Amino acid sequence: MIVLKSPVEIEMMREAGRVTAVTLRLVGEAVRPGITTRELDQIAEEYIRSQHGKPAFLGYNGFPATLCTSINEQVVHGIPGKRVLREGDILSVDCGAVIDGFYGDSAMTFPVGHVSGVARSLMEATRRSLEAGIAKMRPGMRLYDIGAAVQQVAEAAGFSVVREYVGHGIGRAMHEDPQVPNFGQPGKGVQLKPGMVLAVEPMVNAGGYAVRSLDDGWTVVTADGAMSAHFEHSVAITEEGPLILTVE
Ligand code: MG
Ligand code: MG
């Protein structure tokens, strides 16, 4: 069941989105060769708590941290720890915050120092694929119009979109209906309505789209070892079109 949000609830979700966005900015400003992913996680947790928020991922199905930090061939759900970032890495940071009972969820991929041309174009294509998906979030469009737009941009750049992990509705729970795939046929799926709030989150691989999970039970990596990037926004559908909630 898709839970529609009232304009007042969407305003409340903007605050959760704002805190999530500021957290990602602060983490991004700290990304550099030599820092550990655990240090980044501490920056995120401190800021969220300073805003009287709660880290959304901490304890979720037993996840042990505030951020998911996924390096290079890691796609999503990497666990922060003692690994030191190195020049040339790319780091996907996924962050969620709960404010007054509402969730914000957003992700960005950051370069660590100077990165390869392929890494830069992968990050750029993934960010553009998210923008293309969001542009479809208007009343009367269909759910798969979003994923089709994401897929078109990612594949036109020579990359592939992950199939096994998808976006989702978001509100008083982090994961609500519907699932929001990053692929599919335009014109299919439920009709988009004002009050729907969706987290759109393309995961785009430089190689093939297949992924597998590591033995830690969390970290998802590309099956072929190629790099992966991840961008995500929580977005409300309004009469006027998409309203991105995870911005400052
Ligand atoms: Mg996320
Ligand atoms: Mg999400």
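Rule-based calculations on the coordinates, nothing more; no lab input. Being a predicted model, the structure only gives us computed values, none of them experimental. Methodologically, a virtual Cβ is constructed for each residue, glycine included, from the backbone with ideal geometry; neighbour enumeration extends over all protein chains shown.
Once both labels are modelled 7 Å past Cα along the beta-carbon direction, what's the Asp224-Lys82 spacing in nm?
3.5 nm
Per the Kirkwood formula on distinct C-alpha pairs, the Rh of the chain is how many angstrom?
Computed over Cα pairs of the chain, the Kirkwood hydrodynamic radius comes out at 17.7 Å.
Taking Cα centroids, how far is region 63-93 from region 163-205 in Å?
So the two Cα centres are separated by 24 Å.
Can you give the charge dipole size of region 1-130 about its Cα centre, rounded to the nearest 20 debye, using +1 on the beta carbon of Lys and Arg and -1 on the beta carbon of Asp and Glu?
200 debye
Using the Kirkwood radius over C-alpha pairs as Rh, can you work out the diffusion coefficient of region 100-210 via Stokes-Einstein at 20 °C, viscosity 1.002 mPa s, in µm² per second?
148 µm²/s
Find the relative contact order for region 7-244 and round it to a whole percent, using C-alpha pairs within less than 8 Å whose residues are 6+ positions apart.
21 percent
Roughly how many nanometres apart are two label points built 7 Å out from the Cα toward the Cβ at His52 and Glu11?
Distance between label points: 1.6 nm.
Of Ser106, Met12, Gln151, which is farthest on the positive side of the dipole of region 7-244, counting Cα position, with +1 on Lys and Arg Cβ, -1 on Asp and Glu Cβ, and the Cα centre as origin?
Highest projection toward the positive end goes to Gln151.
Tell me which aspartates and glutamates have Cα within less than 13 Å of Lys193's Cα, excluding those fewer than 8 residues away on the same chain?
Partners found: Glu239, Glu240.
Where in region 48-147 are there GluC sites (Glu not before Pro) that are in a DSSP coil and have at most 13 other Cβ atoms within 10 angstrom of their Cβ?
Filter output for region 48-147: Glu87.
For each of Ser129, Ser160, count neighbouring Cβ atoms within 10 Å of the residue's Cβ, then give the residues from fewest to most.
The fewest-first ordering by Cβ neighbours comes to Ser160, Ser129.
So if each residue of separation counts as 0.36 nm, and I subtract the Cα-Cα distance between Gln179 and Gln42, what length gain in nm does that give?
My answer for the length gained is 46.3 nm.
For region 154-248, state which trypsin sites (Lys or Arg not before Pro) are in a DSSP loop and have at most 16 other beta carbons lying within 10 Å of their beta carbon.
Passing sites in region 154-248 are Arg163, Arg172, Lys188.
Under the classification rounded if a/c is under 1.5, otherwise prolate if a/b is larger than b/c and oblate if not, where does region 3-62 fall, given a ≥ b ≥ c as square roots of the Cα gyration tensor eigenvalues?
prolate
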